[in-house]
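The values are calculated or read from the model by the stated rules, or taken from the named source; none is laboratory data. All values derive from a computational prediction rather than experimental measurement. Here the Cβ positions follow ideal geometry from the backbone for every residue, glycine too, while neighbour counts run over all protein chains shown. Remember, those area values only see protein heavy atoms, side chains included, never the ligands or the DNA or RNA. Shrake-Rupley method; radii C 1.70, N 1.55, O 1.52, S 1.80 Å.
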Amino acid sequence: MRPGFGKKKCVCLFAVLIGMAAVFGAERARAESSASFNITWNAPAECPLREQFVSDVRRLLQVPDMGQLKVEASVDVEQIAERRWRLKLQTRAASFSGERVVEGESCAAVLSAGAVVLALLIAPTVSADALLPEIQKTEEPARPPGIARKPTRPVQPAQPGRKTIARAGFSVTAAIAGGAQPGLGFGWGPGVNLAVERWYFATYFFDFPVRRRSLSGGATVELSLYRAQGVACFEITRFGRLASRTCAGGALDAGRGQSLGIFEPASDTAIWWSLLGGFTLEWSATSQGSVTGGVCALVPLARPNYTVEGRGTVFEPKALGIQATLGGVVYF
């Protein structure tokens, strides 16, 4: 009788194992189908790793208890310097939306870290310790009995904002200005630029050629303008390589007037300050070069009069000026 009893016990145990496997398999299938993500991809030709990124995320999600989160993800990858890459991950779900920035020395490095971040968002109940071994698998050497394994600290994905990236550059910019001279003035000049994360600082020096105003009796007045301005801008949005910023700053104008064709010609120079505000666009053509353009309004804090004896006031800066710029920047 005992052999028969053992046979029944074995059959029952086998049936139980099959049942457990079926239950666990069903639970795993439900977990895998409960989490989903949709990716919008934007990366340069030097980083053709979209399929690898998606594969990493899907592989990381082959764990139980992934939650019910449905995530829309936008992935923007750019090379910001030599051996320096940045990944911006924007996510949107039913309960939240947010943005993460990861930086590293290569395209593959930032994508690996970004895959961990996205997987953690889709599977919020899974710890980073459970996911990271899937990306960085290492084989441990065999140890003699009695030697304990030395505990190691798990590598965490790069945290946004941990390291500040600053880039300095030199620019040449053309400008069209109205309000500080008769009609529209066309000028150009050099500039110094500094980009720090989402902040952008620039100083420009413009030389606007002479503008003439005719007076009665064949006399004329020549008005030239030199402008130095500084702005601080903040990035409000980015679409791939195109960044838009809002800016505020000030300008120092030096206007020189000279009268010609009258009995006693004279010249004089006036200096005044203006407040300015506007917006700029910057398109990063390469990691070290970009094209910028913008529009700003200027409000002078003083409005000096250009007068000619016997003729009265011949010109006065307008209460509101405008300026449009277009130029190129080379970063060091």
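Numbers for the structure displayed
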quantity	calculated
Cα-projected label distance for Ala302 with Gln288, points at 7 Å along beta-carbon direction, nm	4.4
Inter-site label distance for Ala81 and Glu235 at 7 Å from Cα along Cβ, in nm	1.4
Volume of the Cα convex hull of region 177-289, divided per residue and given in Å³	110
Where region 268-319 is the region considered: accessible area per residue in Å², 1.4 Å probe	56
